[in-house]
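Heads up: the structure comes next, in structure tokens.
Just so you know, all these numbers are worked out from the coordinates, no wet-lab data involved. Everything numeric here is computed off the predicted structure, so don't read it as measured data. Neighbour counts are summed over all protein chains in view; Cβ atoms, including those assigned to glycine, are modelled from backbone coordinates with ideal geometry.
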Amino acid sequence: MYPELMVIPMREELTRMGVEELKTANDVDREMQSQQGTTLVIVNSICGCAAGRMRPALREALQNSSRPDRAFSVFAGQDMEATERARSYFTGYPPSSPSLALFRDGKLVHMMQRSDIEHRDAADIATELKRVFDQQCAVVTQR
């Protein structure tokens with residue numbers, strides 16, 4: 001684990017965007033089990049290469065007109081219990097940090113793992129997230 005002082009700026013980068021931190025397994029279960037609509041779960045990380053691209057990309061993507069109803073984060077290497085529990089909902093995917101998981105009505109509909117992030121620039125990652133948000137999070141009006 002890294003000293004908390006080192007990770008505070010990385011935590012705050014997400015909370016300033018309106019992302020709620022989940023620090024315990026109970027927090028994760030409470031939010032994941034009461035899902036309706038769309039939920040983005042972010043596994044934050046101190047990794048400079050991938051997380052340093054993921055956070056700015058996320059900031060841009062969350063400005064999109066279509067975006068998740070809720071966004072939560074856990075911090076890999078810091079909030080171990082919460083991170084492990086969040087990853088348990090990422091059915092079929094190995095642990096990865098950073099990563100982004102989008103759920104719609106409790107079902108995992110899109111996953112970005114470190115391997116999908118680390119070799120791309122923030123603009124490219126943001127473009128993919130916006131596309132996914134447009135597909136999965138857009139409000140459908142009924143006539």
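Tabulated data
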{"item": "For Ile8, Ile46, order by how many other beta-carbon atoms lie within 10 Å, fewest first", "result": "Ile8, Ile46"}
{"item": "Given charges at Cβ of Lys, Arg, Asp, Glu: the chain dipole, positive-most of Gln135, Thr15, Ala76", "result": "Gln135"}
{"item": "Local electrostatic count, Glu13, Cβ distance below 10 Å [Lys/Arg +1, Asp/Glu -1]", "result": "+3"}
{"item": "Fluctuation leader among Gln35, Gln63, Gln113 - the chain, Gaussian network, Cα springs under 10 angstrom", "result": "Gln63"}
{"item": "Fully extended contour minus Cα-Cα distance, from Glu81 to His119, at 0.36 nm per residue", "result": "10.8 nm"}
{"item": "Label-point gap, in nm, between Tyr2 and Arg16 - each point 7 angstrom along Cα→Cβ", "result": "1.6 nm"}
{"item": "HN-Hα J in Hz across segment 4-11 - Karplus 6.51, -1.76, 1.60, θ = phi - 60°, x for Gly and Pro", "result": "3, 4, 6, 9, 3, x, 6, 5"}
{"item": "Relative contact order for the chain, counting Cα pairs under 8 Å that sit 6 or more residues apart, in percent", "result": "32 percent"}
{"item": "Cα-centre dipole for the chain with unit charges at Cβ (Lys and Arg positive, Asp and Glu negative), debye to 20", "result": "380 debye"}
{"item": "Pairwise FRET efficiency - Ser65 versus Asp105, Cβ, R0 = 25 Å, nearest 0.05", "result": "0.75"}
{"item": "Selected from Thr38, Thr91, Thr83 as most flexible by GNM, with the chain as the system and alpha-carbon contacts under 10 Å", "result": "Thr91"}
{"item": "For peptides 114-120, 51-57, 12-18, sequence by mean Cβ density within 10 Å, most packed first", "result": "51-57, 114-120, 12-18"}
{"item": "Prolate/oblate/rounded label for segment 4-134 (Cα gyration tensor, a/c 1.5)", "result": "rounded"}
{"item": "Beta bridges per DSSP with both ends in the chain, % antiparallel, nearest 5", "result": "60 percent"}
{"item": "Computed [θ] at 222 nm, helices only, for the chain once each DSSP H run of length n ≥ 4 contributes -39500 (n - 2.57)", "result": "-12500 deg cm²/dmol"}
{"item": "Simple label model, 7 Å out from Cα along Cβ direction - Arg131 to Glu31, nm", "result": "2.7 nm"}
{"item": "Net length gained if the chain between Cys49 and Ser88 were fully extended (0.36 nm per residue, minus Cα distance)", "result": "11.6 nm"}
{"item": "Ascending count of other beta-carbon atoms within 10 Å, so fewest first, for Lys23, Lys130, Lys107", "result": "Lys107, Lys23, Lys130"}
